[in-house]
Every structure is written in structure tokens, then in C-alpha cells.
1. Would you check which residues across region A:303-348 are over 17 Å from the mean Cα position of the chain (by Cα) and polar (S, T, N, Q) and list them?
2. With region B:62-170 as the region, which helices (runs of 4 or more DSSP H) entirely inside it contain at least 1 residues that are touching a residue at least 12 places away in the same chain (Cβ under 8 Å) and closer than 30 Å to B:Leu254 by Cα?
3. So is A:Asp308 open to solvent by 20 Å² or more (accessible area, probe 1.4 Å), acidic (Asp, Glu) and away from every other protein chain (no Cβ under 14 Å) or not?
4. Do you know which residues across region B:358-376 are more than 29 Å from the chain's Cα centre (by Cα) and among the acidic types (Asp, Glu)?
5. Scan region B:256-276 and give yes if some residue there is under 28 Å from B:Arg128 (Cβ atoms), in contact with a Lys or Arg (Cβ under 8 Å, 6 or more places away or on another chain) and among the acidic types (Asp, Glu), otherwise no.
6. If you go through region B:75-101 one residue at a time, how many are touching a Cys at 6+ places or on another chain (Cβ under 8 Å) and either over 22 Å from B:Ala275 (Cα atoms) or within 7 Å of another protein chain (Cβ to nearest Cβ) (or both)?
7. Can you spot a residue in region B:9-17 that is touching a helix residue (DSSP H, G or I) at 6+ places or on another chain (Cβ under 7 Å), in a strand (DSSP E or B) and modelled with pLDDT under 90?
8. Being open to solvent by less than 20 Å² (accessible area, probe 1.4 Å), away from every other protein chain (no Cβ under 14 Å) and either within 30 Å of A:Phe318 (Cα to Cα) or without any contact (Cβ under 8 Å) to a residue 12 or more places away in the chain (or both): is that true of A:Ser83 here?
Amino acid sequence: MELRSYIIRRLLFLIPVLFGVTIFIFGITMLFSPIERASLYVTDARQMTNIPQLIETYGLDQPFWVQYGNWISEVFSGNLGWSRVVGMPVGDAIWAFLPATLELSIFATPIIILMGIFLGTKAAAHKDRPLDHGTRVMAIFGWSLPTFWLGLILMMVFYGYFTGLLPPSRLSIPMELVVNSASFIRYTHINTIDAILNLKGAVFLDALRHLILPVITLSVTQVAFIMRLMRSSMLESLGKGYILTARAKGLSERVVVNKHARRNALIPVITVAGYVFAGMVNGVVITETIFTYKGLGWWAWQSAVRLDIASVLGFALFNSVLFVLVNLVVDILYTRVDPRVRLGGVMQ
Amino acid sequence: MGNLIRIRDLTVRFYTYEGVVHAIDDLDLDIRQGETLGIVGETGSGKTMTALAILRLIPYPGRIESGSIVFFDRDLHSEIELLKLSEDKMRSIRGNKISMVFQEPGAALNPVYTIGDQISEVFLLHQRRELGKRANKQVDRLLRDGDGLAASIKRPFWHWQKRLYNKIAQESNPFEPRFLSHVPLFRRLLWRLKNESKLLTVDMLKDVEIPDAARVAVHYPHELSGGMKQRAVIAMALACSPELLIADEPTTSLDVTIQAQMLELFRRIKVEKGASVLFITHNLGVASEVCDRVAVMYAGSLCEVASVEELFLHPSHPYTKALLDSVPMPGKELQTIPGALADPLNPPSGCRFHPRCPSATPVCQQEKAKLKEISKDHMVACHLF
């Protein structure tokens, strides 16, 4: 019961957050003059004369609050605007691009978190010994690698030398045809999951093959990050009194590290892991662009470049909802890991 | 009474960036069977390090440089050199034959596991045979009394469990249960071990006078008061009826009223369980109340060892005298020891105490005094004797 009321309270908290975020971003777009914004609707030099009329129609010279009010009332009626980049409504665009990004995140996040926790634990347990030095060097190396560079190098190797082994985009063309055929039901638009639900092994393997390179590119930096965090967190908890107690009980080093130290070290990692996941679902522009893997990141980037205000606002809205939700999940996870944490700070 | 622990020439050093820290220097100390030996001294005098050295848990970058610690095992009736033991053997002694209670009960308990979990861990680790026997009895009772449909379905599993528990009770590390404990679903066959350990845990908690023990067992440490936590820690240390209980300032972080209860508890434990206690404290009042003999430490070496009455009535070492003078008393002007505690990085030559000693002689600067018996059971390390 406590959990349910907590979730409701946190979801209500979404309302002010969304207002704040949209007012902020809408305010930034107001820095452009009405003429500049009207010119975005112009596709032809001859239409230049229509600008005053466009300003009139769309109310671009109205006060900020009126324009914001117009936009928000449209949002409440379910209309987020038109995304010119892909030529469809913003809401549809988000739903269209989300599955690709979600697929990437679903595969990358577990790898990042589990690898990070595992390596961080190992490094802390072997502090100042070769294994620790090795993983630390790897972490600094991975953390300093620019994503675009790593992506390009992987591409060079796998597109250049081992052509066809790990191809770009989401699916190869024959499989694309299978996926788009009438007998293949697209439940989620996440290819791997759909392939499993439709029992199409070939599609699953093909989708997986296309995922490998972007997932590796994404993981390298993030694993390094989580690993560093886990290591320092583990070292802190290994220095605590209860670790000495556990050793004095006669527990083996493996149990001391994996049972007594690790669970206490997980809290900061959970926080960051939540943001890593949210950050990925929000789109990983560079990775998606390099591997022509069209997801949310690619769409948001295109919209921003072309000053597609409706799309950018829609994306910001989606972003804030996602972050609030992830925060909520992270807070609930805290209570599972650490019994001292109570939801909403209410002591029982 | 023989010696339970015999420490000879124990030297512990820490290799830090600033230099070598001489934590313990050539320490000779005996703990007799059934006695409570107090170690008193200032902070940093090496009291805790002595205790950790007995358990071989000196933290990094410290090392036991030389010496010997001989432990007399009552069950095996033989002497064991702890410093030469393999890590596995040492683990079977820690928490089983020698256990330790730490200063800060709040820090000594893992905040994410229940009290019961943490105590039953000790039973599961050191008393598997006993648990196996108890579980076996449970299964026997079920096999004898069980009837009806459910029982006839469960009967094959009970037989299997009986075989497993029999193996656990008889062999030291049997293959079948060990293997099954790693297999999901099948590891549930061993649940009675856990259950028995929980029952023992509740008994243990009752033993240290925790009211409502069964409920406390499922509480997390942060839900208990300081005194309760300390009782739980003591219960954990006593779980396997150790031959030596090391208590490292167990009362320092507690209220005075709780302190008194704790001291009472320690006295009772000693009488009931027949364990020796190594009681580390910087509070001379506490030491006088619980200890049979007291050892005074200064800057990593031993100054004086004597029975409580002897030490408080006839203190011989200048440091012991100074220490007793600096105990606050009503109607008496508070004395302090001039100077500061010896720097462990660059300890003074000869006797560690000579720069602060009122009766230092030239020889004190050059030579360390050996422990000498000046009267029966009264040892002093000082050139004056």
C-alpha cells in the first residue's frame, strides 16, 4: 500500500516537472525573432512575401504566454505538432523511433551494468595487485576513447576487412522483407523480441548481428565508468567495520566480498545505472549516426539541426517523463537493496 | 591452569608511505584458561593490533613480522601455532574457537542483512555437523509421524534429505550436499540446515538477554538500540562457544547504564561458558571491574602485567603509576602525563616511555627492559627493577 501511494505521489510530481521543462525550452525558442521562426515554414523563395501573413496565422508575434498557452492546449488535445524531418506527427515520430533505441538500450544496459559491477568488484578485491592495475588501465583507456572514433575504427575493421560479418543499419534487406510481410506480426517493433514472438530464428540472429557493433561502441565507455564507480564504492565498503566482523567470523574472502561488501556498494551504482539507461533511451546520437541505426537520437539531432521547434519540444517532454520514471524505479530499487532506505523518507 | 594463548616476541609493523610504523614490538603475553585478561593503554598503544594479530587479521599494509602465537586447543588437546597455520585452517578457528567483539556495534553489523542472518551465518559456517544432526532428527520425526497424502508424496524427498543430512553430520565436507547447494531448486533440500541455524540463533539471542528474541532476529541493525546491537554482536561472537573471546572496547560507545549491563553480561558469560576473555579497554575503572589480570601497554610494548589487586595497589612501572594518577577522582587534583604519546614512526630508543618518565636513567635511553617477575604473577618491564 505504501508503495502504491508513493508511486502515485511521484507521478503527480511529473506535472510541475513537465511544465517547467516545456516553459524553459519554449522560452529558448522565443529568442528567435518571429520572422526567423516564420521563415522556417517557407520552402520556396517566392513565398518570402508570405512571411507577415505566416506570423499572423501562427500568432508568432503574440506574447510568450499566449504562444505557450496555444501550444500547451494543443498538447492537451493530443497534438504535439508536425515533425518536418520525417513528415509525420511528433507523437508518431517518437513511437516510430523509440523501438530502435529501446532495442539498443535493452541489450547494452545489462552488459554495461553487469560487466561494470563484476569488474569493479574484482578490481576492489584485488586492490593494488596486477588485476586491479590491469582493469584500471582498461577503464581509463575505455573512458577516454571518443565514441565516434571507436565507432569508426570498428566500422573500418568490420565493414572494410570482414565485409558482411557485422553489417550496419537494423536489419539486412531479406530480413527486412520478412519483417514487413503480412505473416510477421510486429508486436513491439523491437526486432529481436518480435522475432522471438514470431519464432523466426533467422530474423533474430540477423537483428542480433546488426546490434553487436553499436552495443560494443556504447558499452566500452559506460562499462569503464560503472567499473570505476563500483571500484571506489567497493573499496569504501570493504573498509567498514562489518567487513572486519565478517572476516572475524571466519567467512571466506569470496563470501566477504560478494555478500557483505558488494550489496552495500551497490547504491551509487544503481543511481548511475538508472541514468545510463535513461540516457541511452533518450538516444545515443553519435552511435546511431555512425551505424545508420535510426533511433530517437538521430531524429532529435535532425530536428534540432533544422530548428524543428515542435519536434524538439516533443522530445523534451518525452525526455522528462522518462527521467522521472527512471528516478522512480531507482528509488524503489534502493529500498530493495538497502533496508535503511524508506520510500518518501517516512520512518516506520 | 595452563595457558590458552602464549604470545612470544610478537612484532607487527605497518609499511606506509611515510615509513615503517612499529605497531607492536617484541610482545610477550599469556592468556590463561578461564581468566579475563585486560589490556589497558592509550589510543594507539597497540591494544587492538594485539587482538587482531591473534586472529591474524592485521589490516593492509600491516604485517606480522616475527614471533609466535601458540593456541591451546581444548578439544584436540594440543597446541597450535597460529602464525604458521594455513589460511583455511585459520578461518576454521576464527569465529569458532577465537571470536571477537568490536568497539562500535553500529559499525560491526552489516546494515543490509538482518541480525538473524548475520548470526546464523556463523552456525552455518562452523557448526554444519551439529546442524546436520538436528535436521536429521527433524526428518526422522517426519518420517515416523507423517501420514496422509501429502506425506506419502513427500516421503522420497524426506529420505533424500535424511541421506544428505547424515552425510553432513558425519563427513567433514561431503560432496553431494556441497554440489547440490550450488544447484537451483535442489539446494532447497538443504533448507532445514538454515532453519535449524535460525532456531539456534534465537536461542543465542535469548542467552544474551535480548527480550523477544525471535522478533529481534528478523530486524535490521538500524532498527535496534546501541545496547541491543552490542548484545547481538556478543551473541554472534559467542555462537560457537569460543575458547577465547576478544572484546575490543565493547562498552566504549554505550551509555553508562548499558555499560554496566554489558559488564554484567561478560561476567556471566565467563562463568557459564568457561571461556577466557581478552578485554581491551582504556577505562581503568572498567578493567578493575571485569578483569582477573591486567596488562598495561605503551607504544606497542608491554609495561606491566599483574593481577588486578596487585596492579591497582602496587603499581610498579612508572607509566602504570602515571596512568593511575591521571584517573579523575573527586577531591583530587587531576594529574596528567607530560609529553605526548610516542611517535610510532620514529619510536624513542630504548624504553619507549623514557622521554616522559619521571625516573628515567641513562640506561633507559639505550636499552629496552625485559619483562621481569618482581613478585608472584607480577611482571614489569623497567630498568628500575
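The values are calculated or read from the model by the stated rules, or taken from the named source; none is laboratory data. Source: prediction; values computed, not measured. Every residue, glycine as well, gets a Cβ built from its backbone with ideal geometry; the counts of neighbours run over all protein chains shown. In case anyone asks, the SASA skips ligands and DNA or RNA and just uses the protein heavy atoms, side chains included. Shrake-Rupley method; radii C 1.70, N 1.55, O 1.52, S 1.80 Å.
1. Once the filter is applied, which keeps residues that are over 17 Å from the mean Cα position of the chain (by Cα) and polar (S, T, N, Q), region A:303-348 yields A:Ser303, A:Ser311, A:Thr335, A:Gln348.
2. Correct list: B:87-93, B:105-108, B:115-126.
3. So A:Asp308 does not fit the description; no.
4. B:Glu367
5. Scanning region B:256-276 turns up no residue that is under 28 Å from B:Arg128 (Cβ atoms), in contact with a Lys or Arg (Cβ under 8 Å, 6 or more places away or on another chain) and among the acidic types (Asp, Glu).
6. Adding up the residues that qualify gives 3.
7. We begin by selecting, within region B:9-17, every residue touching a helix residue (DSSP H, G or I) at 6+ places or on another chain (Cβ under 7 Å); these are B:10, B:12.
Then keep just the ones that are in a strand (DSSP E or B); that gives B:10, B:12.
Okay, now just the ones that are also modelled with pLDDT under 90, so none.
No: region B:9-17 contains no residue that is touching a helix residue (DSSP H, G or I) at 6+ places or on another chain (Cβ under 7 Å), in a strand (DSSP E or B) and modelled with pLDDT under 90.
8. So A:Ser83 passes the test.
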